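Here's the structure, in structure tokens; my notes come after.
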Amino acid sequence: MFRDKQGMTLIEVMIALLVLSISITPLLSSFLVSAKQLASSERKAAALYKAQGILEDVVQQNYDNINDLLKIDGELSRVAADYGYTEALNVIAQDNRDNNVLLASAATGYSYTVEVTEQNAVKKIIVTVYYMEPSVGRETSIKLAGARAKR
């Protein structure tokens, strides 16, 4: 007398779980890689957005007021991205205020420099925004350039 099987044996369940786990593992790892790439892209987009805003702020200035921002001992110092170009100029212009409030620290996340060169009544402006890239474990930067002619 043969009976109809009414279920699965333990070995069948274990094989089904093994096949399922082997197929799901690559899928989950691809989700992790995608999440890291998305976070990296978001940081880069934020840095580019900050650079564009700072560059637009610099270009709107009077031609004679466009200078390298925060040079200390002949070297460009990084400014915390919490301060825009105009705001940083105002802090620098105040005699009794310490410029160290502008200096970037590791805790700020984003910092920038503004480098200006002048040639033939045209000022070339280079904004460099620095940010940490945790996926590679080091600091990364993005540069944006623009120009302003004397009118």
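The values are calculated or read from the model by the stated rules, or taken from the named source; none is laboratory data. Bear in mind the structure is a predicted one, so any value in this text is a computation, not a measurement. Every residue, glycine as well, gets a Cβ built from its backbone with ideal geometry; the counts of neighbours run over all protein chains shown.
For (1) out of contact with any helix residue (DSSP H, G or I) (no Cβ under 7 Å at 6 or more places or on another chain); (2) at pLDDT 75 or above; (3) on the phi > 0 side of the Ramachandran plot; (4) exposed (fewer than 11 other Cβ atoms within 10 Å of the Cβ), each residue gets a yes or a no:
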position: I92; (1), (2), (3), (4): no, no, no, no
position: N96; (1), (2), (3), (4): yes, no, no, yes
position: A107; (1), (2), (3), (4): yes, no, no, yes
position: S111; (1), (2), (3), (4): yes, yes, no, no
position: T140; (1), (2), (3), (4): yes, yes, no, no
Among what's in segment 106-151 and is within 29 Å of K36 (Cα to Cα) and not in a strand (DSSP E or B), pick the residue that is nearest to the chain's Cα centre (by Cα). G109
For segment 29-44, the count of residues that are under 14 Å from E133 (Cα atoms) and not aliphatic (A, V, I, L, M) equals 7
What is the residue count in segment 11-63 for residues that are within 30 Å of S141 (Cα to Cα) and of a type in the set (V, I, T)? 4
Residues that are among the acidic types (D, E), closer than 18 Å to Q61 by Cα and touching an Asp or Glu at 6+ places or on another chain (Cβ under 9 Å): does segment 118-130 have at least one? no
